[in-house]
Amino acid sequence: MKPSLDPIPSEAKPAVERPAPPPTTLAMPNLVAIGGSFSAREGGTPACLTMGMVHAFAGAVPVFGAPMAEGQYLPVNGNEALYSIFFANFGAEGDSFGIPALRGRAIVGGIQANQPTQTTMPMTWLIAAAPPPGADGPLIGSLVPFGGIFVPDGWLVCDGSPMSVTQNVPLYEVIGNAFGGHDAYFVLPDLNAQTPYGAGAGGAVGSPVAGPPAGVCVSYLINVTGPVPPSGGNGGFPTNQYWLGQVVAYAGSTVPPGWALADGSLLNIADYPDLFDLLGHLYGGNGTTNFGLPDLRGKMLVGV
């Protein structure tokens, strides 16, 4: 019997004791964009947030009607666009195909070259290089896992490639030479068989991490001023707008406006009431006057 996206009634859910996650991980919902804008790949289109991407959310429950990445199977019929991106990358059976299974797993780059393990899931890590002018997002230099094996317009693969400074000025201004390069070129983050770790606890942005799994340090950010995400929807996300409580890996060192480092800081509830409504005191704080942000310093993100 195939897994279903339908929730199990609370009275039917077995009581399962989950082992405490390793200290180098932080678990939160990883939501799969099963709807929304299709990933353009003809060339010349600015980057946008599209179907087939996975978004981390610091709240306790899914938003936008998007399922958590738990390896569910969807029927091809009615999900043809998503199937054209995923194919059998995450399993297939009969007329159904799988979405990523990220519970307890970190995402490593290289969907073609690697196989899932008990603790990792290979996907294509992308970095936003050419968002639309004046749009709210995606942030230049932000990283996103993608379930396809092609490269959507406006994005580059995080594979350690050297890039011309003069031809990629906006991206260079964000990441500089943190990941290598000099003079006329810079280097993209290399996430082949590696995962992002939060900088600030044992490493600056661009520093390698031995693992396992091996990785590289980035800035993990959380959106603190965006719109409140709805609980319902068609499983798609806004094309060019981030939302409250969203967590992203970011290859820059300077925090953009509207974001905060996911470093465990305490915020006043009175200053961020909507964010508190989403997070509560999941990540610390007294829940009365203050609450905590997730702390990803020195940690990798895994799904729940």
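The values are calculated or read from the model by the stated rules, or taken from the named source; none is laboratory data. Since the structure is predicted, the reported quantities are computational estimates derived from the model, not experimental observations. Quick reminder, even Gly has a Cβ in these numbers, built from the backbone with ideal geometry, and neighbours come from all protein chains shown. SASA here: full protein model, heavy atoms, side chains in, ligands and nucleic acids out. Shrake-Rupley method; radii C 1.70, N 1.55, O 1.52, S 1.80 Å.
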Item to check | Residues that are open to solvent by less than 30 Å² (accessible area, probe 1.4 Å), touching a helix residue (DSSP H, G or I) at 6+ places or on another chain (Cβ under 9 Å) and in a strand (DSSP E or B), drawn from segment 145-163 | outcome: Phe146
Item to check | Residue identified as in contact with a Ser or Thr (Cβ under 7 Å, 6 or more places away or on another chain) and among the β-branched types (Val, Ile, Thr) among Val205, Val228 | outcome: Val205
Checklist outcome for this item: Taking segment 268-289 and keeping residues open to solvent by less than 30 Å² (accessible area, probe 1.4 Å) and either touching a residue at least 60 places away in the same chain (Cβ under 8 Å) or part of a strand (DSSP E or B) (or both) leaves Leu279, Gly280
Checklist entry - What tally of residues in segment 146-167 results from selecting those that are under 23 Å from the mean Cα position of the chain (by Cα) and among the polar types (S, T, N, Q)? => result 1
Next on the checklist: Yes or no: segment 132-144 includes at least one residue that is open to solvent by 10 Å² or more (accessible area, probe 1.4 Å), touching a helix residue (DSSP H, G or I) at 6+ places or on another chain (Cβ under 9 Å) and part of a strand (DSSP E or B).
Outcome noted: no
Checklist entry - Among the residues of segment 207-228, which ones are of a type in the set (Gly, Ala, Ser) and under 20 Å from Asn30 (Cα atoms)? => result Gly215, Ser219, Gly226
Checklist entry - Here are Gly233, Gly252, Gly226: which of them is over 28 Å from Gly109 (Cα atoms) and open to solvent by less than 40 Å² (accessible area, probe 1.4 Å)? => result Gly226
Item to check | Breaking point among (1) modelled with pLDDT of 95 or more; (2) open to solvent by 40 Å² or more (accessible area, probe 1.4 Å); (3) in contact with a strand residue (DSSP E or B) (Cβ under 9 Å, 6 or more places away or on another chain), for Thr166 | outcome: (3)
Checklist entry - Of the conditions (1) in contact with a Leu (Cβ under 6 Å, 6 or more places away or on another chain); (2) in contact (Cβ under 8 Å) with a residue 60 or more places away in the chain; (3) of a type outside the set (A, V, I, L, M), Ser161 fails just one. Which one is it? => result (2)
Next on the checklist: Out of Leu102, Leu31, Leu74, Leu49, I need the residue that is over 16 Å from the mean Cα position of the chain (by Cα) and either at pLDDT 95 or above or buried (at least 22 other Cβ atoms within 10 Å of the Cβ) (or both). Which one?
Outcome noted: Leu74
Checklist outcome for this item: Selection over segment 257-266 where residues are surrounded by fewer than 19 Cβ atoms within 10 Å (Cβ to Cβ) and within 30 Å of Leu171 (Cβ to Cβ) yields a count of 5
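One line per residue, one yes/no per condition, for (1) surrounded by fewer than 20 Cβ atoms within 10 Å (Cβ to Cβ); (2) more than 16 Å from the chain's Cα centre (by Cα):
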site: Phe57; (1), (2): no, no
site: Phe64; (1), (2): no, no
site: Ala69; (1), (2): no, no
site: Glu80; (1), (2): yes, yes
site: Asn89; (1), (2): no, yes
site: Ile107; (1), (2): no, no
site: Gly110; (1), (2): yes, no
site: Thr117; (1), (2): yes, yes
site: Met121; (1), (2): no, no
Checklist outcome for this item: Of the conditions (1) under 14 Å from the mean Cα position of the chain (by Cα); (2) modelled with pLDDT under 95, the single one that His281 does not satisfy is (1)
Item to check | Residue among Ile149, Ile175, Ile127 that alone is modelled with pLDDT under 95 and under 23 Å from Pro213 (Cβ atoms) | outcome: Ile149
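Every residue, every condition in (1) β-branched (Val, Ile, Thr); (2) assigned to a loop (DSSP other than H, G, I, E, B); (3) over 27 Å from Gly292 (Cα atoms), yes or no:
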residue: Glu42; (1), (2), (3): no, yes, yes
residue: Val54; (1), (2), (3): yes, no, no
residue: Gly59; (1), (2), (3): no, yes, no
residue: Asn89; (1), (2), (3): no, yes, yes
residue: Val108; (1), (2), (3): yes, no, yes
Checklist outcome for this item: Going through segment 169-195 in order, the residues found to be part of a helix (DSSP H, G or I) and in contact with a strand residue (DSSP E or B) (Cβ under 9 Å, 6 or more places away or on another chain) are Leu171, Tyr172, Val174, Ile175
Item to check | Residue check, Ser231 over 18 Å from the mean Cα position of the chain (by Cα), within 24 Å of Met51 (Cα to Cα) and hydroxyl-bearing (Ser, Thr, Tyr) | outcome: yes
Item to check | Residue among Tyr172, Tyr220 that alone is over 20 Å from the mean Cα position of the chain (by Cα), open to solvent by 10 Å² or more (accessible area, probe 1.4 Å) and of a type in the set (Phe, Trp, Tyr) | outcome: Tyr172
